[in-house]
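Participant: Got a structure for you, questions after.
The values are calculated or read from the model by the stated rules, or taken from the named source; none is laboratory data. Everything numeric in this text was worked out from a predicted model, so none of it was measured. Cβ placement follows ideal geometry from the backbone for every residue including glycine, while neighbour counts extend to all protein chains displayed. The protein model used for the area step is the full one, side chains on, heavy atoms only, and it has no ligands, DNA or RNA in it. Shrake-Rupley method; radii C 1.70, N 1.55, O 1.52, S 1.80 Å.
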Amino acid sequence: MRNFTFLLLVYLSFFLGEGYSQQKNNDKRENKPMWWKEAVVYQLYPRSFKDSDGDGVGDLKGIISKLDYLKSLGIDAVWLNPIFSSPNDDNGYDISDYRNIMKEFGTMNDFDELLAGLHKRNIKLVLDMVLNHSSDEHEWFKQAKSSRSNPYRNYYHWWPEEKGKPTPRYSFFDVNSDAWKYDATTKSYYLHYFSQKQPDLNWENEKLRNEVYDMMKFWLDKGIDGLRMDAFQYVSKDTTWKKYPLGYEKDIIKYYGMGPNLHQYLKEMNTKVISKYNIMTVAEGAGSTLEDAHSLVDEDRQELNMAYHFEIMDIGNDPKGYQLTDLKKAFSKWDQAFAKKGWLAIFLANHDVPRMVSKYGNDSPEFRRFSSKLLTTLIMTMRGTPFYFNGDELGMSNIKFDKIEDYRDIATINAYKSAKAKGENLDSFMDKQKFISRDNTRTPFQWNNSLNAGFTTGTPWIKVNPNYKTVNVAVEEKDPESELFYFKKMVALRKSSPVLVYGDYEVFDIENPDVYCYTRMHGAAKMLVVLNFSAKSISYPLDKGINTTEARVLMNNYKTQATILNHQVDLKPLQALVFQLN
Ligand code: BGC
C-alpha cells in the first residue's frame, strides 16, 4: 500500500509539472558559463526615451545623446523595442520594412552610430525580431492581397470566402476579438492574431522563412549581439484550422503556442542563422508548461538560449492586490526546473505590463522609493539573466490616466471600444486600465524637472507622468539615497558576484505572506536575501539552518543599520537586505 501511495505521488507530481524539474535536477551537468548568462540587460523603449528633434517621439539620435548615461548604469546589454519602418499601429510591432529604420526614429546611419557607440562602451545590442506578423503596409502583404495568384500570396494565411465562414480564431487586439479580417479584393479572409494591421506571416512557406533568415543575417552582419523573438511561440499554426472548444481563449497559449512545426523552424533557424554568430537569443513567451520552456532553450536542443516566461507576469493583474506566496512559488518553481539545464530571463516589468512598483510594490508617496529598491533587489539577486525596464531605476510609477483620450495603446483603445459596444461598466474599465494598461510603462523617460521631463522640446506623443518633478535622473544622480544610486550599486554587486549569477537558490519560509527570504550559494560563497514586501515592521526569525555567524550587510534600502540578533532580523516596511554569509 505504501509503495502504491509512493508511486501515485511520483506519478501525480510528474503530471502536475514538478516531475520534469526533479528529473532534470538529477542531471548533474552544471550550467555552462556564457556571456549572456552574466549580462544585465536594460530594456530601452525608444519611442519614449529621448527625442532629439522636437517631434515628440523618441529617436536613435536621442539614445546616442544618452550613451554615457547607459554606461553609468553598469549594464551589459540594451534591448531595443522595434526600430524598423512601421506605421505604428502597435508602436513598431507592425513592421512595414524589416531592413529600414522607422522614419520617426532616424536613419540607418544613426543606427550604425548607435551600435558603434554602444560597442565602444562595451554595451551589447539586442534587437526585437517581430516575425509572427508584419504590417499590412509591408510590400509582401500589399502584393499578397492584390490577387490570389500573386507570388506573395502564400506569405500569409488566407481563407477563401467560398469555403464559408472561417473557423473562429481569437485576436488579442481586435475590437470583436476576431482574428479573421475580410478582404474584398480577393474575396478572402486573412489571419491576424494581433491587430487588423498585423497580418500573420505564413511560416509553413519555406520561401518566407528563407527571406526572414536573410533579413536576420543582414542585422547580425552589422554586428548586433542578440535577438528577442517577439511572440515567436505563435508562428507555427495548425493549418487544418480545427475548431477549439468553447472558452479556449482563456487558455490561449495552450492553443496558439508551440504549434506543430515550431521546433522544426527553430532548428532550421539555428542551423542557418543563429549558430553562425555568438549571440543571445530570447524566446518571448515559453509555451504553457515547464517542458515547453525547456524544449525551447535547453542547450542540447540547439534552438534558442533563454526563456522569457509569463507565469510571474500573470500574477498581480488584479488591482486588489496579489499574494506574495504566489510570487515566491512561481519564482521558486521556475528556478528549480532550470537549476541544471536551460536558462531564464528574470523580469518584473516590460513595455506590455504596468510599472513594477505599481504592480508588485507599493507606489504610495510613503513607500514608493523603498518598494522600488526592494524590487530591484529581487531582480538582481535571482538566478537567470535580469531584464530591467528603463525608468524602473528611477522608481517611475503608473501614470493612471483618467480619460480614454490620453491612452495611445491599441490594446487599451480597442478593449475600450469593445467594452462600450458590449455595454460594460466603463468606469470600472477605466479604473482597471490605471492599473493594467501598457501605456503606464510607456510614458516618457524622466530626465530632469524641465518641460516634459527633458524628454522633448515638442509635444510628447504620450503625456509625461506629473511626478517627473521629483522622480528624474538629474535629481537622483545627486542623491546618494536615490533609487538610481541603489540600482547602480545593485548592478555592480551582481556583476562582481558569480554567486548571484550561477549560485543555487534556496527559498525559506515559502508560506510567509509578507517576507521573501532566500539564499544563493556557489562554491564557498553564500548570500542571504530578506525582502519585507509588507508595509509593516516585522521581527523576522531566520530559518535555523541559515548560518549567520559571519553575516555582513551588502545592501540595505534603509539608511539605518541592519543586524541579525539571536537569529532574528528586524525589518522595516518594504525593507530589502542582502547579506554576505561567509
Ligand atoms: C509584444 C507586444 C506586441 C505583440 C505583438 C508582444 O509580445 O511585446 O508589445 O504588441 O507582441 O507584436
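Participant: Please determine, by comparing only the residues of segment 406-456 that are acidic (D, E) and open to solvent by 10 Å² or more (accessible area, probe 1.4 Å), which one is nearest to Q43 (Cα to Cα).
Facilitator: Of segment 406-456, the ones acidic (D, E) are 406, 409, 424, 427, 431, 439.
Retained after the next criterion (residues that are open to solvent by 10 Å² or more (accessible area, probe 1.4 Å)): 406, 424, 427, 431.
On the way: D406: 24, E424: 35, D427: 32, D431: 27 Å.
Among those residues, the one meeting the criterion is D406.
Participant: Please specify each residue of segment 89-130 satisfying the condition of being part of a loop (DSSP other than H, G, I, E, B), of a type in the set (A, V, I, L, M) and more than 29 Å from L201 (Cα to Cα).
Facilitator: Answer for segment 89-130, where residues must be part of a loop (DSSP other than H, G, I, E, B), of a type in the set (A, V, I, L, M) and more than 29 Å from L201 (Cα to Cα): just I123.
Participant: So which of Y308, Y255 is over 26 Å from M356 (Cα atoms) and modelled with pLDDT of 95 or more?
Facilitator: Y255
Participant: Would segment 191-203 turn up any residue that is on the phi < 0 side of the Ramachandran plot, touching a residue at least 40 places away in the same chain (Cβ under 8 Å), outside any loop (DSSP other than H, G, I, E, B) and out of contact with any Asp or Glu (no Cβ under 7 Å at 6 or more places or on another chain)?
Facilitator: Of all residues in segment 191-203, those on the phi < 0 side of the Ramachandran plot come to 191-203.
Going one step further and asking which of them are touching a residue at least 40 places away in the same chain (Cβ under 8 Å), we end up with 191-203.
Okay, now just the ones that are also outside any loop (DSSP other than H, G, I, E, B), so 191, 200-201.
Add one more test, that the residue is out of contact with any Asp or Glu (no Cβ under 7 Å at 6 or more places or on another chain), and what stays is 200-201.
Looking through segment 191-203, at least one residue is on the phi < 0 side of the Ramachandran plot, touching a residue at least 40 places away in the same chain (Cβ under 8 Å), outside any loop (DSSP other than H, G, I, E, B) and out of contact with any Asp or Glu (no Cβ under 7 Å at 6 or more places or on another chain).
Participant: Has segment 460-468 got at least one residue that is part of a loop (DSSP other than H, G, I, E, B), closer than 29 Å to P541 by Cβ and modelled with pLDDT of 95 or more? Lay out the reasoning, then the answer.
Facilitator: Step one: filter segment 460-468 for residues part of a loop (DSSP other than H, G, I, E, B), giving 460-465.
Retained after the next criterion (residues that are closer than 29 Å to P541 by Cβ): none.
Looking for residues that are part of a loop (DSSP other than H, G, I, E, B), closer than 29 Å to P541 by Cβ and modelled with pLDDT of 95 or more, one finds none in segment 460-468, hence no.
Participant: Moving on. Filter segment 288-317 for residues that are part of a loop (DSSP other than H, G, I, E, B), open to solvent by 20 Å² or more (accessible area, probe 1.4 Å) and closer than 25 Å to V40 by Cα; which is farthest from the ligand (Cβ to nearest atom)?
Facilitator: Within segment 288-317, the subset part of a loop (DSSP other than H, G, I, E, B) is 288-289, 298, 302-305, 309-317.
Subset that is open to solvent by 20 Å² or more (accessible area, probe 1.4 Å): 288-289, 302, 305, 310-311, 313-315, 317.
Among the residues that remain, those that are also closer than 25 Å to V40 by Cα are: 302, 305, 310-311, 313-315.
Numbers: Q302: 24, N305: 18, F310: 10, E311: 15, M313: 11, D314: 14, I315: 18 Å.
The residue in question is Q302.
Participant: Which of the residues belonging to segment 353-376 are open to solvent by less than 30 Å² (accessible area, probe 1.4 Å), part of a helix (DSSP H, G or I), touching a residue at least 40 places away in the same chain (Cβ under 8 Å) and not polar (S, T, N, Q)?
Facilitator: V357, K359, K373, L374
Participant: Out of all the residues in segment 558-578, is one or more out of contact with any strand residue (DSSP E or B) (no Cβ under 7 Å at 6 or more places or on another chain), in a strand (DSSP E or B) and crowded, with 20+ Cβ neighbours inside 10 Å?
Facilitator: yes
Participant: Between a residue in segment 274-286 that is in contact (Cβ under 8 Å) with a residue 24 or more places away in the chain and over 22 Å from D76 (Cα atoms) and any residue that is open to solvent by 10 Å² or more (accessible area, probe 1.4 Å) and not in a loop (DSSP other than H, G, I, E, B), which pairs come within a Cβ distance under 7 Å, given they are 6 or more apart or on different chains?
Facilitator: G285/I253; A286/D292
Participant: Of all residues being in contact (Cβ under 8 Å) with a residue 12 or more places away in the chain and among the small types (G, A, S) in segment 484-522, which is surrounded by the fewest Cβ atoms within 10 Å (Cβ to Cβ)? Just the residue, please. Explain how you work it out, then say what you get.
Facilitator: Initially, segment 484-522 is screened for residues in contact (Cβ under 8 Å) with a residue 12 or more places away in the chain, giving 484, 486-495, 497-522.
After this cut, where a residue has to be among the small types (G, A, S) as well, the list is 492, 497, 503.
On the way: A492: 14, S497: 20, G503: 19.
For segment 484-522, the residue satisfying everything is A492.
Participant: Continuing with the same structure: Which condition does L118 not pass, out of (1) touching a strand residue (DSSP E or B) at 6+ places or on another chain (Cβ under 9 Å); (2) open to solvent by 10 Å² or more (accessible area, probe 1.4 Å); (3) of a type outside the set (D, E), if it passes all the others?
Facilitator: (2)
Participant: Among the residues of segment 52-106, which ones are within 16 Å of the ligand (Cβ to nearest atom), open to solvent by 10 Å² or more (accessible area, probe 1.4 Å) and free of Cβ contacts under 8 Å to residues at least 24 places away in the same chain?
Facilitator: S85, N88
Participant: How many residues are of a type in the set (D, E, K, R), open to solvent by less than 40 Å² (accessible area, probe 1.4 Å) and away from the ligand (no atom under 16 Å from the Cβ) if we restrict to segment 131-176?
Facilitator: Of all residues in segment 131-176, those of a type in the set (D, E, K, R) come to 136-137, 139, 142, 145, 148, 153, 161-163, 165, 169, 174.
So of that shortlist, the ones also open to solvent by less than 40 Å² (accessible area, probe 1.4 Å) come out as 136, 153, 169, 174.
Those left that are additionally away from the ligand (no atom under 16 Å from the Cβ): 153.
Adding up the residues that qualify gives 1.
Participant: Also, I was wondering about something else. Residues in segment 204-214: is at least one more than 28 Å from D112 (Cβ to Cβ), within 16 Å of the ligand (Cβ to nearest atom) and of a type in the set (A, V, I, L, M, F, W, C)?
Facilitator: Kept after step one, since they are more than 28 Å from D112 (Cβ to Cβ), are these residues of segment 204-214: 204-207.
Narrowing further to those that are within 16 Å of the ligand (Cβ to nearest atom): none.
Scanning segment 204-214, I find no residue that is more than 28 Å from D112 (Cβ to Cβ), within 16 Å of the ligand (Cβ to nearest atom) and of a type in the set (A, V, I, L, M, F, W, C), so the answer is no.
Residues checked against (1) touching a Leu at 6+ places or on another chain (Cβ under 7 Å); (2) among the hydrophobic types (A, V, I, L, M, F, W, C); (3) open to solvent by 20 Å² or more (accessible area, probe 1.4 Å):
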{"site": "E211", "(1), (2), (3)": "no, no, yes"}
{"site": "D221", "(1), (2), (3)": "no, no, yes"}
{"site": "I224", "(1), (2), (3)": "yes, yes, no"}
{"site": "A231", "(1), (2), (3)": "no, yes, no"}
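Participant: Does F445 count as of a type in the set (F, W, Y) and either within 18 Å of P319 (Cα to Cα) or within 16 Å of the ligand (Cβ to nearest atom) (or both)?
Facilitator: Details: of a type in the set (F, W, Y): yes; either within 18 Å of P319 (Cα to Cα) or within 16 Å of the ligand (Cβ to nearest atom) (or both): no.
Here the answer is no, as F445 does not meet what is asked.
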